[in-house]
1. Rank these residues by their accessible area, most exposed first, probe 1.4 Å: 26, 6, 93, 54.
2. So which trypsin sites (Lys or Arg not before Pro) in region 10-62 end up in coil per DSSP with only 15 or fewer other C-beta atoms within 10 Å?
Amino acid sequence: MRVLFDKNVPRGVRQFLGRHQVETVDERGWARISNGELIRVAEVAGFEVVLTADQNIIYQQNLKERRIALVVLGSNIWPIVRMHTAAITAQVDVAQPGSYAFIEMSIPAKHEQAKS
């Protein structure tokens, strides 16, 4: 599956998605494109999934009749994101055209206690 990383996705996520063809907006020269246009351009370019940490994107975009899926991370902070590798991989693996998935990301209680 072709996956496009929005500019706010930690690059380390790429290592979890080895089965997929991953490119970033920076690599494509699309860093300055707004979300609505980015989804359209990505779809035309043949991407199947846009991975982003922009939690407002679902309120800005209508995915009905789109051929692209959105997977939204609940954080873009690498130490938090890397604790959710299984969920990220699972959501990208099952993404379907026009679908939206939000991955809730919080620090597990045992990590909170360890920091105290």
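1. The most accessible residue leads, giving 26, 93, 54, 6.
2. When the trypsin sites (Lys or Arg not before Pro) of region 10-62 are filtered for loop state and at most 15 Cβ neighbours within 10 Å, 19, 32 remain.
The values are calculated or read from the model by the stated rules, or taken from the named source; none is laboratory data. Because the structure is predicted, anything quoted here is derived from the model rather than measured. Positions of Cβ are backbone-derived with ideal geometry, glycine not excepted, and every protein chain shown enters the neighbour counts. Ligands, DNA and RNA are stripped out before the accessible areas are found, and what is left, the full protein with its side chains, is counted by its heavy atoms. Shrake-Rupley method; radii C 1.70, N 1.55, O 1.52, S 1.80 Å.
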